[in-house]
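Below is one structure; the comments refer to it alone.
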Amino acid sequence: TNPAPLLSVNNIEVVYDDVILVLRGVSIEVPQGQIVTLLGPNGAGKSTTLKAISGLLKTEDGEVTRGEIQFMGERIDRKNAEDIVRSGIFQVMEGRRIIEDMTCIENLRLGAFTRRDRQVQQDIEMVFDYFPRLKERTGLAGYLSGGEQQMLAIGRALMARPKMILLDEPSMGLSPLLVKEVFGIIEKINREQGITMLLVEQNANFALRAADYGYIMESGKVVLDGSSQDLLQNEDVKQFYLGGG
Ligand code: ATP
C-alpha cells in the first residue's frame with residue numbers, strides 16, 4: 001500500500017472576486033520527496049492552484065469554495081499564508097519577487113523570518129554552495145541578472161527550511177542555458193535536501209525531465225496525469241506541449 005501523500009489537493013474549486021470560477025474541481029497528489037509538475041496553457045489555473053496551496057490566494061480576493069487541501073495529514077485550506085509557511089510550505093512566486101534594494105544576504109535572511117534557531121548563517125553558506133555566483137554579488141539584488149534573481153528566490157525559499165517548495169515558472173525569462181542550470185540545481189536540492197517540489201512550468205520538456213510525475217491542466221481542470229516517462233511518450237503531450245508531433 002502506498003503511504004499517504006505529503007500534500008493532497010482534493011477536488012478544489014476556486015473563485016476570484018466572489019464570481020469568477022477558475023478551478024473546477026482540481027485534485028493533485030504530491031508524494032514525499034518527489035518532484036511533481038503542473039503543465040498547461042496560459043490561464044489554465046496552474047498559478048491559482050499553487051496560490052490555493054500557499055494561502056496567497058486570499059491576498060488576491062480568491063477563495064477555495066469547495067474541496068480541501070491536506071498537508072502532512074492536516075487540513076490547510078483555511079490557514080493564512082504565514083501559518084502555511086510555518087507548517088513547511090514555501091512558494092517561490094512567478095517573476096521572482098526578490099527585494100531589489102536589499103543585498104543577496106539581506107534577501108536570504110528574509111526567507112528565515114519564521115525561524116528562531118541560530119543556524120541562519122550556516123544556511124546562508126549552504127545557499128551559496130548551491131548558487132556560488134550569488135556569493136560574488138555583494139551589491140543590491142536589483143542589479144542581478146534574471147537568472148541570478150531566480151536563484152536568489154530559490155535560495156530564499158531554502159532559508160525557511162521548508163518540507164516542500166512550490167515553484168511558479170522558474171524558467172520564465174531565462175536563456176535555455178540558464179534554464180538547464182536552474183533545473184539542475186532544483187533537482188540537486190531535491191536529491192540532497194529531500195525537499196519535495198511542486199513545479200508549475202510552460203517549459204514542459206525541462207519540467208518533465210526533472211519531475212517524477214506530471215499533471216496537465218486546461219480551463220481549470222486536470223485533463224491528463226501520469227508518470228513523467230509516460231507523459232513524455234504520450235502522443236497528445238508530444239504534439240501540444242513538447243513542440244512537434
Ligand atoms: P499563466 O501561466 O498565464 O499564469 P495559469 O495556468 O497559471 O496561467 P492562472 O494564473 O492561475 O493560470 O489564471 C487562471 C485564470 O484565473 C485566468 O483566466 C486568469 O485570468 C484568472 N485570474 C488569475 N488571477 C486572478 C485574479 N487575481 N482575479 C481574477 N481573475 C484571476
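No value in this document is a laboratory result; all are computed from the given coordinates. Everything numeric in this text was worked out from a predicted model, so none of it was measured. In this analysis, Cβ positions are derived from the backbone assuming ideal geometry, glycine residues included, and neighbour counts consider all displayed protein chains.
Would you work out if the stretch 51-152 is rounded, prolate or oblate? Take a ≥ b ≥ c from the square roots of the eigenvalues of the alpha-carbon gyration tensor; rounded if a/c is under 1.5, else prolate when a/b is larger than b/c, oblate otherwise. Prolate, since a/c reaches 1.5 and a/b exceeds b/c. Here Thr49, Thr37, Thr138, Thr196 are placed in order of increasing Cβ neighbour count within 10 Å, fewest first, which gives Thr138, Thr196, Thr37, Thr49. Using Cβ point charges alone (K and R +1, D and E -1), the dipole size of the stretch 39-162 about the Cα centre works out to roughly 200 debye.
Number of Lys-Lys pairs in the chain with C-alpha atoms under 22 Å apart and a separation of 8 or more places or on different chains: 18.
Taking the number of Cβ atoms within 10 Å of each Cβ as an exposure proxy, the fewest-first ranking of Arg156, Arg137 is Arg137, Arg156. By the gyration tensor of its Cα atoms, with a ≥ b ≥ c the square roots of the eigenvalues, what is the shape of the stretch 176-232: rounded for a/c under 1.5, prolate for a/b over b/c, or oblate? Prolate, since a/c reaches 1.5 and a/b exceeds b/c.
Around the Cα centre of the chain, unit charges on the Cβ atoms of Lys, Arg, Asp and Glu (plus for the first two, minus for the last two) sum to a dipole of about 560 debye.
Working note: Cα atoms of the stretch 98-152, range along each principal axis, descending, whole Å: 31, 21, 16.
Magnitude of the charge dipole for the stretch 39-93, about its Cα centre and with charges confined to Cβ atoms of Lys, Arg (+1) and Asp, Glu (-1), is about 100 debye. The label-point distance for Arg97 and Arg115, in a model that sets each label 7 Å from Cα toward Cβ, rounds to 2.0 nm.
Taking a ≥ b ≥ c as the square roots of the eigenvalues of the Cα gyration tensor, an a/c ratio of 1.5 or more together with a/b larger than b/c marks the stretch 118-245 as prolate. Here each label is just a point 7 Å from Cα along the line to Cβ, and for Glu136 and Glu74 those points are 4.2 nm apart. Placing unit charges on the Cβ atoms of the charged side chains and taking the dipole of the chain about its Cα centre, the candidate lying farthest along the positive direction among Gly62, Tyr215, Thr37 is Thr37. On the principal axes of its alpha carbon atoms, the stretch 29-95 extends 31, 31, 25 Å, with the longest extent given first.
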